[in-house]
Each structure stands twice: as C-alpha cells, then as structure tokens.
1. How big is the range 169-218 by the Kirkwood estimate over distinct Cα pairs, in Å?
2. Assign unit charges at the C-beta atoms only (+1 for Lys and Arg, -1 for Asp and Glu), then state the dipole size of the range 64-164 relative to its Cα centre in Debye, rounded to the nearest 20.
3. Find out how many positive minus negative residues lie around F260, taking Lys and Arg as positive, Asp and Glu as negative, among other residues whose Cβ is under 12 Å from that of F260.
4. Using a 1.4 Å probe, what is the accessible area per residue for the chain, in Å²?
5. For the chain, modelled as a GNM with alpha-carbon contacts under 10 angstrom, which of N191, N199, N95 fluctuates the most?
6. Using the C-alpha atoms of the range 112-170, what convex hull volume per residue, in cubic angstrom, is computed?
7. Subtracting the Cα-Cα distance from 0.36 nm times the residue separation, let me have the gained length for T60 to N133 in nm, one decimal.
8. Report for the range 1-72 the percent antiparallel among DSSP-assigned beta bridges with both residues inside it, nearest 5.
Amino acid sequence: MRIFLAPMEGVVDHTMRDMLTRVGGIDRCITEFVRITDHKLPPRVFYRYCPELINGGRTTSGTPVYIQLLGGKPQAMASNARQAAALGAPGIDINFGCPAKQVNRSDGGSVLLKEPQRLFDIVSAVRIAVPDNIPVTAKIRLGFEDRSLLTDITQAIFAAGSNELTIHARTKADGYKPPAYWDAIADIQTNSPIPIIANGEIWTPQDAQNCLQQSGCDDIMLGRGLLARPDLARQISGEQRQQTTASMLWSDVLVLLQQFCVVTEQEYEPKYVGNRVKQWLGYLRQHYPMAAVLFEQIKRLKTPEDIAEVITAQRLNKCDQAVA
Ligand SMILES: Cc1cc2nc3c(=O)[nH]c(=O)nc-3n(C[C@H](O)[C@H](O)[C@H](O)COP(=O)(O)O)c2cc1C
C-alpha cells in the first residue's frame, strides 16, 4: 500500500511538503498545479513550484515530488511536461479535478471531465512527450455534474497511456461536501489496467480502512486529513503492518510548528509567516484542541519572532506541566 500527499494550492507548498514528509509515511507528493496556457514556461516557474528539483525532485526526507500541470491544450501541456521532466521531475501529474470557477472558465481542471476525447488528447500528448521512464499520472473527480461519464473518462485516460489515476471520490458538483463516495471507485478499480489511488475525506486510520475496503484500491491520497494530523500517514501504514505507532502529541506538533516558522521565514517575506502558521493551525485544530488555543494567542501577531516566541512558551508550559 502506498500513501500520497494530495496537491493543495496555496497550502501544500514545498515548506509544507518538507514538514509532512519529515514526519513520515508518505510515498509521494504532488506540487500545486502549474497553470499552462499556450506556451512553454521558463524553468524558473518550475523551480518556484518545485524547489525540490534542485534536490533530484525529492523532499529533504527523500520523498519524490511529481509536478502537476493544469490546462486544456494538448500541445502546450506536452511541451511543458517535457520541460518539467528535463528539469528532473520524477513524474508528471495532470489536474482534471479543480472545481474553481476561474480555472474552469479558462478551460482547465474539472470542466474537461465533460469531454473524454479531450482528456485522451491531453494525456496521450503528455505521455508521448515525456521519456518512458517518467510516470505520467492523472487526477480526476467522479464527473462534472454527475457520474454518467465516469467509465468514458477513465477509459480515455487508460487508453492514453496514463501510468496511474487518482480519483477524488466526488463530482465537481459535490464540491467538498462530505461524504466522499469511495464505493463509486470500485468498478473502475476492478477493471483498471493501472493502479487507482482513492482520495477524499480520509481523516483517521479507520477512514483509510473503510476507503480501501469500499474502493478496492491498494493506494490512497490524503489531503486535509494529513494537515490536521501530520502523523496520519505514519499511523495508517503502521496499522497496515499491524504495528502500533505512538500518536503524535501536541508537544511534537509544536516542534514541527517551530521548524515550519524557520523554513517559511527562509522562503517568504516575514509578513507571510504568520498567515501560513495560522492557516495550518486552522487544519490542526480539527484534531488538536490546543491548536485553537494557540491560534487565539497568535492571531493578532505579525512578526515571525513574536509568533515563534508564543509557540516556544506553549512548549515550555507543556513541559512544565509534564514535569509537575
Ligand atoms: C485548499 C485546497 C487546494 C487544493 N488544490 C489542489 C490542486 O492544486 N490540485 C489538485 O489536483 N487538487 C487540489 N485540491 C484537491 C485535493 O488534492 C484533494 O483531492 C481534496 O482535498 C480531497 O482530499 P481530502 O479530503 O483528503 O482533503 C485542493 C483541495 C483544497 C482543499
């Protein structure tokens, strides 16, 4: 079984990939989508989305990072995929799942699910453009308005030579509203010539079990669940091997947050550090009640130094409590 970290625009950048892969249990990451219009983008764009390219396309912990492309023009997608592969991307993923209106209006993301022939044209152009040893993968939803085209969509992607397919088990119309329909993947999985990766609403090891069972898949992708609970992949893979792994305590998460402040400050202007920490706390508080307390403590702070100081104080406070 493999576990992948989901691409999440504006959230899972290389600093977050670094943090989460340090915790472990993640077999692959995917960048935020790189928007492709008509022309070939310069290398600096790919380095911006995927600074891991300077490290052989791997995070500091050695996890491969595929570059995700989003666009509707087969030739432009192909030339950019070739460019990304030449720069050292270990794989290329194609986004056919993005529900954003702006993206769909400009002919990219989930709107393409309405036209299986275009999915075929895009995936096959990318597959031909990229060397055989570099996997090309696709990520879809169950459909746009409904699931009526799901078989046509998946057949088009298989026929085009995609090496793997991730299915976010909801339609575009479902948005992000729970539940995810893992069982809707089962028929596709049974008849698929390539690995299918199930995605959507996996927040706990039990959810992972249910998803694997209902979808019949061997592999899963985790997004928000991993942000809420950074050791979720480690826990799930531990359970698969029937090993009990200690859960990450809030004090461990505080260490991670301190590291996150440091790496974020190296990469972004100081004024953005606070926003990124607050954004992560927004996810973490779904699993750790103390994240909500920390959020309240830092919400008006602006400088990375002030924020780091409060995080350190919470850590020391916890240690004092433990000692007492
Ligand atoms: C804030 C946010 C940004 C996302 N950005 C992307 C993206 O760039 N590319 C993509 O394929 N999916 C994107 N997704 C979808 C996720 O990869 C994933 O399919 C979805 O969140 C369901 O998985 P989860 O329930 O484990 O979070 C995004 C989701 C969220 C919430």
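The values are calculated or read from the model by the stated rules, or taken from the named source; none is laboratory data. Keep in mind that what you see is a predicted model, and the values were worked out from it rather than measured. Every residue, glycine among them, receives a Cβ derived from its backbone with ideal geometry; neighbour counts consider all protein chains shown. The area values use the complete protein model at the heavy-atom level, side chains included, leaving out ligands, DNA and RNA. Shrake-Rupley method; radii C 1.70, N 1.55, O 1.52, S 1.80 Å.
1. Working: mean 1/r = 0.0900 Å⁻¹.
Taking the inverse mean of 1/r over all distinct Cα pairs, the range 169-218 comes out at 11.1 Å.
2. Details: 10 positive and 9 negative charges, 47 e Å.
Taking the Cα centre of the range 64-164 as origin, the dipole is about 220 debye.
3. Working: positive: R17, R22, R276, K278; negative: D13, D18, E265, E267.
Here the charged neighbours net out to 0.
4. On the way: 14120 Å² over 324 residues.
It amounts to 44 Å² per residue over the chain.
5. N191
6. Values: hull volume 3.6 nm³, N = 59.
Hull volume over Cα atoms, normalised by residue count, gives 62 Å³.
7. Numbers: separation 73, 0.36 × 73 = 26.28 nm, distance 2.27 nm.
Taking 0.36 nm per residue and subtracting the Cα distance, the gain is 24.0 nm.
8. Details: 1 of 8 bridges.
The antiparallel proportion sits near 10 percent.
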